[in-house]
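Below is one structure, written out as structure tokens; comments come after it.
The values are calculated or read from the model by the stated rules, or taken from the named source; none is laboratory data. Since this is a predicted model, take the numbers as computed values, not measurements. When we count neighbours, we look across all protein chains shown, and the Cβ atoms used for this are built from the backbone with ideal geometry, even at glycine. Ligands, DNA and RNA are stripped out before the accessible areas are found, and what is left, the full protein with its side chains, is counted by its heavy atoms. Shrake-Rupley method; radii C 1.70, N 1.55, O 1.52, S 1.80 Å.
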Amino acid sequence: MAFSLRLPRALCGAWLLVSGCADSSTADALIGPDGGSVVHEDGVTLTVPPGALSTFHQIIIRPSDEKLSRGGFEQVGGSYLIEPRILRFKIPAQLTFDKSVKDKPTVLIKPGEARVIAYSSADDKPTAYIGSLGIVAAAKGGDPVAIVDAPTLSRTPDATDLNAASVNVGELMVSPAGLTTLDIGFTAFDPTGQSQRLLNGEGSSYCGFKFGSVTGASIIGGCSTGTASGSLALNSPQATVQVLPFLIGKLERPVVVEVQLGSGDLAVSAGYFAFNTSPCFLESCSGKGMCDDSSGKALCTCDEGYAPGEAVSCDCVPKCEGKQCASDGCGGNCQPGCNADTHSCNFDNGQCVPLPPPETTGDDSTGDMTTGGPSTTTTTTGDPSTTTTGDASSTGAASTTSGSSSGSSG
């Protein structure tokens, strides 16, 4: 649903960019997740499909003085600024000029400050399916800067076959039209509008994909320039480049990918193709097996000693058969384990063995005791009044006598 809110021109002053301010040459509408249209009285219509926006935005169309003619594309009539220019659609919005152009009808759009993108129309009314806003104009004439030989591209996003087989690596074959360098841009759209993730990268429309191997050219640039997914220096009449998912990552559902071919300040939208990663994309099965998606789901065939886990993984199988203790081979221990007070674990066979009895000292039957301190010995030699105990000498009565002693007789 679209909402339009206008204020008297006297209240708007010079700030026509303020939401709700409009004069007779300005069209605006508040458009949100349900979609809607902005129709300018000059016959310029922007139709935003449901799901293209996550929140509400005031979209404004006003005349512009800028000229967009580039290469062989000649602007027909005036140009128009559609704002906000920073807006990005999850599903392409349809832009139509209500005028007849007989000679190769085209829509030109300048989303940023440098490059103009040309969209060829299917009939005599210039029509384009755009992912961002900017300065726009109808045009005639013009030829593509290169021809896409493969895959076969659809002219419109809704004509793309979303049931095409999933691929993790795409391939684009192009024949440049007398160029020495060629920029190639890939922009992804979710036709369901359900995606909550960034399909094309932060800060650039073109970082969702990157180049893989290339034949007939060499890679001279990437998506960091903000104008393409990559740039080629051509050394052959035909170049082939692999298309690899980059920031877009693993996909939950097919996306529609727009191909743009450019050089200098002009790029041409060549058409659209469907792309979807397979269920096994980026799945390694924990490095302990192989992923198989022949059933339509990602399943792991695991190495010996491992079994499929709940996720697309191979989990270690504990080796505890016949063991009471010791390592289970997976970083844990076999159960039930040993009672530390009475048993210890034999780690060679995983069995609990009784602890040896505590050590005892001395012999109680003979009274011979061994103690930990120094022993005490009493020796009396000669004079019974002299007693030696250990290393110390003392004088006193002797308990043990040796030699003759005096006593009573008779």
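Can you pull the percent of the stretch 28-174's accessible area that's carbon plus sulfur, 1.4 Å probe, other chains left in place? Could the numbers behind the result be given before it?
Details: 3260 of 6360 Å².
For the stretch 28-174, the apolar C and S fraction of the accessible surface comes to 51 percent.
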In what sequence, largest accessible area first, do 306, 129, 272 appear using a 1.4 Å probe?
-> 306, 129, 272
Can you sort 83, 41, 202, 359 by 1.4 Å-probe accessible area, starting with the largest?
-> 359, 202, 41, 83
Rounded accessible area per residue of the stretch 282-336, 1.4 Å, Å² = 68
Which aspartates and glutamates does residue 288 reach when only Cα atoms under 16 Å apart count, and residues fewer than 8 places away in its own chain are ignored?
-> 303, 304, 310, 315
How much accessible area per residue does the stretch 78-204 have, in Å², with a 1.4 Å probe?
-> 44
By the C-alpha gyration tensor axes a ≥ b ≥ c (rounded if a/c is under 1.5, else prolate when a/b exceeds b/c, else oblate), the shape of the stretch 26-173 is oblate
Rounded to the nearest 10 Å², the 1.4 Å probe accessible area of residue 341 is 130
Quick one: pull the percent of accessible area on the stretch 198-246 belonging to carbon and sulfur, 1.4 Å probe, ligands and nucleic acids left out.
-> 53
Find out how many positive minus negative residues lie around residue 317, taking Lys and Arg as positive, Asp and Glu as negative, among other residues whose Cβ is under 13 Å from that of residue 317.
-> -3
Shape call for the stretch 149-209, from the Cα gyration tensor axes a ≥ b ≥ c (a/c under 1.5 means rounded, otherwise prolate when a/b beats b/c, else oblate), comes out oblate
With all protein chains present and a 1.4 Å probe, the order of 110, 90 from largest accessible area down is 90, 110
Net length gained if the chain between residue 340 and residue 197 were fully extended (0.36 nm per residue, minus Cα distance) = 46.1 nm
Spacing of the two label points (7 Å from each Cα toward its C-beta) at residue 154 and residue 327, in nm | 5.6
Would you mind computing, in nm to one decimal, how far apart the modelled labels at residue 233 and residue 143 are, each placed 7 Å from Cα along Cα→Cβ?
-> 2.6
The FRET efficiency for residue 225 and residue 359, from their Cβ-Cβ distance with R0 = 56 Å and rounded to 0.05, is 0.10
Mind grabbing the accessible area of residue 250 for me, 1.4 Å probe, Å², rounded to tens?
-> 70
By per-residue mean of other Cβ atoms within 10 Å, what is the highest-first order of 148-155, 217-224?
-> 217-224, 148-155
Any chance you could look up the accessible area of residue 179 with a 1.4 Å probe, heavy atoms only, rounded to 10 Å²?
-> 50
